[in-house]
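Asker: Starting off with a structure, shown below.
No lab work stands behind these numbers, since they all come straight from the coordinates. The structure displayed is predicted, hence computed values, not measured ones.
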């Protein structure tokens, strides 16, 4: 699936949080991060519960 806009990504994030809450789960804004995969050095501001998520260039597993 390709996301074409910031609003689509924010909508998916909101739906994830709403569904998690319905099951009694809180999404941690401290542990949640976003990574943008773009050739144009695009940056996005995605929020959870009004708090901006940190943008990273890689994930460590």
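Asker: Within the P(r) computed for the chain, what percentage of the Cα pairs occupies the region above 14 Å?
Answerer: 60 percent
Asker: Measure nothing fancy, just the Cα-based angle from helix 6-22's long axis to the longest principal axis of the chain, in degrees from 0 to 90, nearest 10.
Answerer: Between helix and principal axis, roughly 20 degrees.
Asker: Once you have the Cα-Cα distance between residue 51 and residue 6, take 0.36 nm times their residue separation minus that, and quote the gain in nm to one decimal.
Answerer: That works out to 14.6 nm of additional length.
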